[in-house]
1. Quick one: P(r) of region 197-242 from all Cα-Cα pairs, 10 Å bins, percents rounded to integers, in order of increasing distance.
2. Would you tally the net charge around A33, using a Cβ to Cβ cut-off of less than 15 Å, leaving A33 out, and scoring K and R as +1, D and E as -1?
3. List the chymotrypsin sites (Phe, Trp or Tyr not before Pro) within region 146-249 that DSSP assigns to loop and that have no more than 14 neighbouring Cβ atoms inside 10 Å.
4. Tell me the Rg and the Dmax, in Å, that the Cα atoms of region 117-188 produce.
5. Translational diffusion coefficient, Stokes-Einstein: compute it for the chain using the Kirkwood radius over C-alpha pairs as Rh, at 20 °C and 1.002 mPa s, and state it as an integer in µm² s⁻¹.
6. Using only the alpha-carbon atoms of region 1-123 as identical scatterers, what base-10 log of I(q)/I(0) does the Debye formula give at q = 0.17, 0.23 Å⁻¹?
7. Could you name the lysines in cross-link range of K140, using Cα to Cα under 30 Å and dropping any fewer than eight places away on the same chain?
8. Taking N as the number of residues in region 78-225, what value does Rg over Cα atoms divided by 2.2 N^0.38 Å take?
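Derivation of every value follows stated rules applied to the coordinates shown; laboratory data play no part. Everything quoted here is computed from the prediction, not taken from an experiment. Heads up, the Cβs are rebuilt from the backbone with ideal geometry, glycines too, and the neighbour counts pull from every protein chain shown.
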Amino acid sequence: MPIKIITEKCNGCQLCIPSCPYAAIGMEGDKAALFESCVHCGICIDSCPLGAIIEVSESGEILQKSISYSNILVIGETDKAGITRLSREILGKAREFADVVGVSVWLIIFASDENLAKEAISLGADEVLLLEGTNTISYKIASIVKAVSGIIEQKRPEIIFTGETIFGCDVMPRIAQRFDTGILSGSVSLEIDPADKTLSCTRPFYGGRIMGITSCPQQRPQIVIIKEGVFREGGQYRERHGVVERIRM
């Protein structure tokens with residue numbers, strides 16, 4: 001989502017300048033300004049005590065927080081053999097929860113092979129988004145964050161699952177920051193409340209000496225990073241049908 005500085009609100013305190021990891025904020029006179037190198041990651045928003053840095057739509061309208069979140073989004077990964085084991089495990093858990101609360105499962109794959117989409121649908125996805133032109137091994141982080149954030153903004157998933165991989169741990173904290181939400185990680189079990197669709201994550205603390213439960217009851221989307229082997233793969237049903245959409249990056 002694009003970022004904008006409301007110059008009328010800016011008092012020139014310059015607190016936003018060191019907050020930008022891309023050095024894309026400077027001063028024009030006594031007001032802060034965005035440079036062309038800005039990737040619109042949104043990290044600078046919370047640094048402004050006056051709320052002068054905001055997110056806007058592509059048309060320039062100020063975005064309002066929406067409460068109309070629904071469905072489950074899985075951000076998947078692939079290897080030479082197809083969809084990775086971890087992504088298959090996550091798809092299985094997503095399908096299980098979707099059936100409990102009566103929602104759909106969407107899957108993002110950074111590939112163009114429609115056979116991967118068919119495999120994903122057989123594993124439980126209702127809709128597969130093929131993001132063409134990049135992958136999860138060699139990628140530009142700013143481009144990935146922008147593309148995934150755009151999909152989240154459009155589709156408003158209530159829950160986002162991804163794997164605890166180099167890619168997942170690189171991308172998802174940036175996504176969480178942009179949507180002002182938290183991340184549930186380290187889970188050994190997950191439960192979902194059918195009433196309000198809030199997840200409860202059981203995880204170890206203090207080196208595994210105690211177990212605790214974490215959740216994200218207020219913010220949406222709920223983002224969960226999952227380790228391999230925590231959940232079992234779901235069933236595969238070749239007769240399942242779904243939707244495939246191609247998005248060129």
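1. Percent of pairs per bin, in order: 19, 35, 32, 11, 3.
2. Numbers: positive: K4, K9, K31; negative: E8, E28, D30, E36.
So the environment of A33 carries a net charge of -1.
3. Details: sites: F161, F167, F179, F205, Y206, F231, Y237; in loops: F179, Y206, F231, Y237.
Passing sites in region 146-249 are Y206, Y237.
4. 12.9, 34
5. Numbers: Rh = 19.3 Å.
Answer, rounded: 111 µm²/s.
6. -0.85, -1.16
7. Those lysines meeting the cut-off are K4, K65, K80, K93, K118, K155, K227.
8. Working: Rg = 15.2 Å, N = 148, 2.2 N^0.38 = 14.7 Å.
Taking N as the residue count of region 78-225, the ratio is 1.04.
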